[in-house]
1. Pairs of Cα atoms under 8 Å, at least six residues apart: use those to get the relative contact order of the chain, whole percent.
2. Given a 10 angstrom Cα cut-off, can you work out which residue in H135, H30, H273 is the most mobile in a GNM of the chain?
3. Just need the relative contact order of the range 75-234 here, percent rounded to a whole number, with Cα pairs under 8 Å and 6+ apart.
4. Let me know the number of lysine pairs in the chain closer than 24 Å at the Cα, not counting same-chain pairs under 8 apart.
5. Counting Lys and Arg as +1 and Asp and Glu as -1, each charge on the Cβ, what is the dipole of the range 137-317 about the Cα centre in debye, to the nearest 20?
6. Counting helices only, and only those DSSP H runs with n ≥ 4, report the 222 nm mean residue ellipticity of the chain as the sum of -39,500 (n - 2.57) divided by its residues, in deg cm²/dmol to the nearest 500.
7. Of T160, G109, A95, which is farthest towards the positive pole of the range 31-161's charge dipole, taken about the Cα centre with +1 and -1 on the beta-carbons of Lys, Arg and Asp, Glu respectively?
8. FRET efficiency for M101 and A333, Cβ-Cβ distance as r, R0 = 30 Å, nearest 0.05?
Amino acid sequence: MEDDCRVRGLVQETDLTPDRLKELLALARHLKSARLRLAEQPLLAGKTIALLFAKSSTRTRSAFEVAALGQGAQVSYFGPGTSHLGVHESAVDTAMVLGRMYDGIAYRGPDHHTVERLARHSGVPVWNALTPPWHPTQALADMLTIKEHCAKPWADICLTYVGDGRSNVANSLRIAGALLGMTVRVVAPASMSGSPEMRDQVERICARTGGGAQESDDIDEGVRDADFVYADTWIHLGEPVESWRPRVAALAPYRIDHQVLAATKNPQVRFLHCMPAVHDTSTSIGAAVLAETGREGAEVTTDVFRGPASLVLDQAENRMHAIKALLVSDLAAQPHTT
């Protein structure tokens, strides 16, 4: 890892400094503006990137591919079960091989130690495209979206995450918000609150940046005066009903509907969700939730998810712009915004 603010790769939010995070967000805004003006300059011509995805993906894969191709880089995609990683070859051996062939590696999978080993042994930038404890590219996109829709200084912005407080999205939002000096509240059942270690990390960062961190199981108190209310999926891909049934039951009082948004007392409140979302019965999971609970949707209602307060499509698009900033910052010769 380099000593200056230009960290090579991104394994988790705690790798970042406040200045580095703000630099990435400024670069993402610059690159997004250039693309919208049809003035994008390919800064990554001749670069090659490996997408090593042990878990399937829609937004993350698309964002990495479109970001890389738009900047002139070439991408190789290794989907679930299409590489030897973890079966016939260790993460260390894979890292050393891919590092000889590629200029950067993105990893998405069920084991955080794997992305750490890739970063340690590949010799090239490695970006975490989702592991169980962290989802850093999502948080970058979220912060970009928040700033696009809120003119307040970071110190005056309040984000409330509602759901399972142990999730990778909750962890990434906690740290990213703390680095920017925001107030981040996590509202969850007591049995699903953040770990003491996570709280300690957040408090240490907030002590330096002036940010605020709050944990609560009271949804009305937690969303009051929030500028943004955030939900994440309650059901993981491929999870059997027996596994998610107790979690969905415990989280049932925390579903985001219009009453929850009204409880913020903020007529300008906006809704965020990283997607995919279980909000209707158009998917097999949605149909299973209806059969199991008698309710349509899980973590959010359709009228909120598709309503005027929702920024979910902006978030989805901003994944590409945020990831492009990471790639350009780490791989381009001169990734300046001017």
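Readers should treat all values here as calculations from the given coordinates under stated rules, not as data from a laboratory. Because the structure is predicted, anything quoted here is derived from the model rather than measured. Here Cβ is always computed from backbone atoms with ideal geometry, including for glycine, and neighbour counts include all displayed protein chains.
1. Numbers: 655 pairs, mean separation 67.4, N = 338.
That works out to 20 percent.
2. Among H135, H30, H273, the largest GNM mean-square fluctuation belongs to H30.
3. Numbers: 264 pairs, mean separation 29.5, N = 160.
After rounding, I find 18 percent.
4. For the chain, the number of qualifying lysine pairs is 13.
5. Values: 16 positive and 25 negative charges, 65 e Å.
Here the range 137-317 has a charge dipole of around 320 debye.
6. Details: 13 runs with 149 residues, N = 338.
For the chain, the value works out to -13500 deg cm²/dmol.
7. Result: T160, furthest along the dipole toward the positive end.
8. Numbers: r = 20 Å, r/R0 = 0.68.
After rounding, the FRET efficiency stands at 0.90.
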